[in-house]
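Heads up: the structure comes next, in structure tokens.
The values are calculated or read from the model by the stated rules, or taken from the named source; none is laboratory data. None of these values were measured; they are calculated from a predicted model. Note that each Cβ is placed from the backbone with ideal geometry, even for glycine, and that neighbours are counted across all protein chains shown.
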Amino acid sequence: MKELGYYLEDTRRSNGVSLEEAASDLNVDVSYLENIESANVRAFKDVYYMRKLVKEYAKYLGLSPEKIQDEFNDFLFEHTSKISLDDIMEAKKKKEEEEKTKKIQSPYTKEYKRKIKKLPFVLAGIIFLLAIIISIVVIKTINREPAITSELKGIEVYEYTY
């Protein structure tokens, strides 16, 4: 990208165009063109916008936009396809740590977690509630007055009033 940035900068200077003039003609901020010429890729949040801007800038300078686009695509491929050695080493260490924590277990020595089944507890709860309801009904029927009173039996009951 540095070579492409230097090439665009040299072409702009040889055409006698200032950076501010090019930025105003392309309707972009001067800092964008400065970042392209200095190969500061990190200044752009969107690579697609940068690609479009490089193509427009090349067209503005009278260069072949296809050639510049191909060079930019080559740079982008190299930039994104390379993984740093630090990232590789970090991933390798992480994988080794995961392997250390894993235990080799045989199906014969493996400890199985005891699964608690809910159905017996639900059935026991329902039976318990039914037993409580039945006992309440039985107790109420025992404590209730009998349906046959003394008058029906023919016994005279005297009530005293004081």
**Hey, VAL54 modelled with pLDDT of 80 or more and closer than 14 Å to TYR6 by Cα or not** = yes
**Prompt:** How many of the residues making up segment 1-57 are within 40 Å of the chain's Cα centre (by Cα) and among the charged types (D, E, K, R)?
**Reply:** 12
**Prompt:** Can you name the residue in segment 30-75 that is among the acidic types (Asp, Glu) and loosely packed, with under 13 Cβ neighbours inside 10 Å and, of all such residues, is farthest from GLU20 (Cα to Cα)?
**Reply:** ASP74
**Item:** Options LYS95, LYS117; residue that is more than 30 Å from LEU4 (Cβ to Cβ), within 33 Å of the chain's Cα centre (by Cα), modelled with pLDDT of 80 or more and in a helix (DSSP H, G or I)
**Value:** LYS95
**Item:** Selected residue [at pLDDT 75 or above and among the hydroxyl-bearing types (Ser, Thr, Tyr)] from SER135, SER106
**Value:** SER135
**Request:** May I ask you to list pairs of residues, at least six apart or on different chains, whose Cβ atoms are under 7 Å apart, with the first in segment 1-30 being over 18 Å from GLU66 (Cα atoms) and the second being β-branched (Val, Ile, Thr)?
**Result:** LEU19/VAL30; GLU20/VAL30; ALA23/VAL30
**Fill in**
Those residues of segment 34-51 which are without any contact (Cβ under 8 Å) to a residue 40 or more places away in the chain and within 18 Å of TYR7 (Cβ to Cβ) amount to GLU34, ASN35, ILE36, GLU37, SER38, ALA39, ASN40, MET50, ARG51
**Prompt:** What single numbered condition from (1) of a type in the set (S, T, N, Q); (2) modelled with pLDDT under 85; (3) surrounded by 10 or more Cβ atoms within 10 Å (Cβ to Cβ) fails to hold for ASN143?
**Reply:** (3)
